[in-house]
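A.B. asks: Have a look at this one.
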């Protein structure tokens, strides 16, 4: 008789331990699902913010498809088209912008305003170096830095300063962005 009671006690203990094990497993699964849902929601909110920034940026770019950057804002207003010097077009630059996600890129076409004709020969000879320096400048910028008008002006000033420090036959007066697309 004692054997039957101990067998029944063992069966009851096994049932209780099986039930407890099932409860623990279900609780862990529910916690994993909740954690996954929270992570998904946070990532979607971050993506929505990026989309909103991208849409506002693309709207401002559509309104201003061509942007001319100069050193002095007053000089920009007072200059006439006839006063613009020799223009030296560069190839299109497509670069990744500096960001944590690494998902933004910039496509920009740049034209340089030169001080003299002799400078175009020097720029032709130093073309790879010039492209390298401009690429380094553009890739060091974040979306926030280049989205505004002031940001574009700072980039153009940085390009002018960098190029003028490299060349000897004249100088670059100004930088014109003839295409500026951020995606």
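A.B. asks: Label points 7 Å out from Cα along the Cβ direction at residue 94 and residue 129: separation in nm?
C.D. replies: In this crude spin-label approximation the distance works out to 2.8 nm.
A.B. asks: Going from the alpha-carbon gyration tensor of segment 66-182, what semi-axes, largest first and in whole Å, does one get by taking the root of 5 times each eigenvalue? Before the final figure, lay out the partial values.
C.D. replies: Values: eigenvalues 111, 61, 25 Å².
Over the Cα atoms of segment 66-182, the ellipsoid semi-axes are 24, 17, 11 Å.
A.B. asks: So for the pair residue 118, residue 150, with labels modelled 7 Å out along Cα→Cβ, what separation do we get in nm?
C.D. replies: 4.0 nm
Read-outs throughout are calculated quantities, based only on the coordinates presented, and are distinct from any laboratory measurement. As the structure is a prediction and not an experimental result, all values here were calculated from the model. Positions of Cβ are backbone-derived with ideal geometry, glycine not excepted, and every protein chain shown enters the neighbour counts.
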